[in-house]
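The values are calculated or read from the model by the stated rules, or taken from the named source; none is laboratory data. These numbers come from a predicted model, not from an experiment. Please note: Cβ atoms are built from the backbone with ideal geometry, for glycine as well, and neighbour counts cover all protein chains shown.
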Amino acid sequence: MQFLSFLSLLALATATSAQKCQLQFDGRVPVGSTPASFDVNTSPFGTKNVFGQNLTWSKIIVLPNITRSLFDGTANIPLEVTLSDASIFAPSATNIQTGFRRAELNPASNNGTDPSTLGVKTLHFSVRKDNARPLNISHEYQLVFLEDAKFTTNQFVLKTGTIAGQPAGQNPDLLVLQGNVNAPVIENLFNVSFTANVWHNFALTLNFTANTVQTFYSQNAAALASVTGVVSNDLSGQGQFHFGALKKGTGVNLTDVTKQGFQESGINEGVIYGGIFEEISTCGCVSLCP
Ligand SMILES: *[C@@H]1O[C@H](CO)[C@@H](O)[C@H](O)[C@H]1NC(C)=O
Ligand SMILES: *[C@@H]1O[C@H](CO)[C@@H](O)[C@H](O)[C@H]1NC(C)=O
Ligand SMILES: *[C@@H]1O[C@H](CO)[C@@H](O)[C@H](O)[C@H]1NC(C)=O
Ligand SMILES: *[C@@H]1O[C@H](CO)[C@@H](O)[C@H](O)[C@H]1NC(C)=O
Ligand SMILES: *[C@@H]1O[C@H](CO)[C@@H](O)[C@H](O)[C@H]1NC(C)=O
Ligand SMILES: *[C@@H]1O[C@H](CO)[C@@H](O)[C@H](O)[C@H]1NC(C)=O
Ligand SMILES: *[C@@H]1O[C@H](CO)[C@@H](O)[C@H](O)[C@H]1NC(C)=O
């Protein structure tokens, strides 16, 4: 009897932190998906953006057969976004972003004015290096970010590499979560070494009403833990979440980073993602483990 109630207490303790919050969107990739699954409208992500002018998602996405991330469970698999010399995005025929190499997924329901950027939401994702397709940390990369609906700022950005504006000599092999890039002084909310062969699990509780962010982090199968307090950060302007790689050019005193800077040719780079979803945290619900 005592043993049973101990067990049910354990079950209760587990249930309170499990992925039980209502979902806003689910970007997890079902078992059985292929790269072509990302070209059709059953994809969890938009099929038209953001990638090189003459590409499709099926030419960009790779599905690596590796350990699944924290929230992928048995039903979902990781995905990899790759960059090549063809990763030149053209928002229009006359605006060709030769300064960048880009491939970023936007959740299918996240059209810029949908509820994913209102109220209180927790964004989950896990990110991992591909040793066979290393990034070039002489460059700055944006891996995960929210870009406002008017394309005037990023309310938060997870970066790696040589990040403009950071002190000379800073380790480029970090994952650095920055706050709103239009702030007078861009705040680093959290950072961690971008170690290889490890899943880096993140959850960001975004209070769009209060303009605050709280960051949770863990590695591999460990439960998420809070790594920051609730920090003020301007989250206004709605917009779209991006998951992938936006590689910036190198060079000093650039006036238009979308078109200027140096990009070496012959690249074959990738970043692996798992467990992308957003849950509704209005009543404080945040999943810390599956
Ligand atoms: C994935 O890797 C495992 C072993 O690591 C292997 O048993 C399995 O067949 C592989 N699956 C595919 C689809 O290649
Ligand atoms: C896309 O293809 C067209 C036609 O071949 C070519 O002119 C253009 O440069 C290509 N765009 C990119 C970004 O490679
Ligand atoms: C975006 O999605 C919301 C619902 O989630 C909808 O009300 C709105 O009309 C959509 N906007 C566009 C431009 O499709
Ligand atoms: C990495 O980037 C730097 C700066 O663009 C470049 O000089 C170097 O050749 C690149 N390395 C590789 C391996 O492409
Ligand atoms: C990384 O975090 C540590 C611990 O909070 C902090 O001391 C350090 O300044 C941070 N570095 C960067 C580049 O944000
Ligand atoms: C979000 O911010 C609002 C406004 O400050 C506050 O009333 C609410 O309690 C916050 N929600 C959570 C879950 O922290
Ligand atoms: C970049 O701008 C700074 C400040 O205006 C200037 O001192 C420096 O010479 C410039 N560097 C190059 C390579 O143009």
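Just to be sure before I move on: is Asn201 more than 16 Å from ligand 4 (Cβ to nearest atom), outside any loop (DSSP other than H, G, I, E, B), more than 21 Å from Ser232 (Cα to Cα) and not hydroxyl-bearing (Ser, Thr, Tyr) in the structure I sent?
Against the criterion (more than 16 Å from ligand 4 (Cβ to nearest atom), outside any loop (DSSP other than H, G, I, E, B), more than 21 Å from Ser232 (Cα to Cα) and not hydroxyl-bearing (Ser, Thr, Tyr)), Asn201 qualifies.
It is to be established whether one or more residues within the range 184-193 are small (Gly, Ala, Ser), modelled with pLDDT of 95 or more and outside any strand (DSSP E or B).
No.
Enumerate the strands (runs of 3 or more DSSP E) found wholly within the range 59-173, keeping only those where 1 or more residues are among the charged types (D, E, K, R), in contact with a Ser or Thr (Cβ under 7 Å, 6 or more places away or on another chain) and more than 16 Å from ligand 5 (Cβ to nearest atom). First the steps, then the outcome.
Numbers: elements: 79-83, 101-105, 120-129, 140-147, 154-161.
Ranges flagged: 101-105, 120-129.
Give the residue, chosen from Ala108, Ala203, Ala183, Ala103, that is within 22 Å of Thr255 (Cα to Cα) and among the small types (Gly, Ala, Ser).
The conditions single out Ala183.
Report yes if Asn65 is farther than 14 Å from Glu269 by Cβ, surrounded by fewer than 15 Cβ atoms within 10 Å (Cβ to Cβ), out of contact with any Cys (no Cβ under 9 Å at 6 or more places or on another chain) and of a type outside the set (A, V, I, L, M), otherwise no.
Criteria met by Asn65.
Any idea which of Gly119, Gly179 is touching a residue at least 12 places away in the same chain (Cβ under 8 Å) and at positive phi?
Only one candidate qualifies: Gly119.
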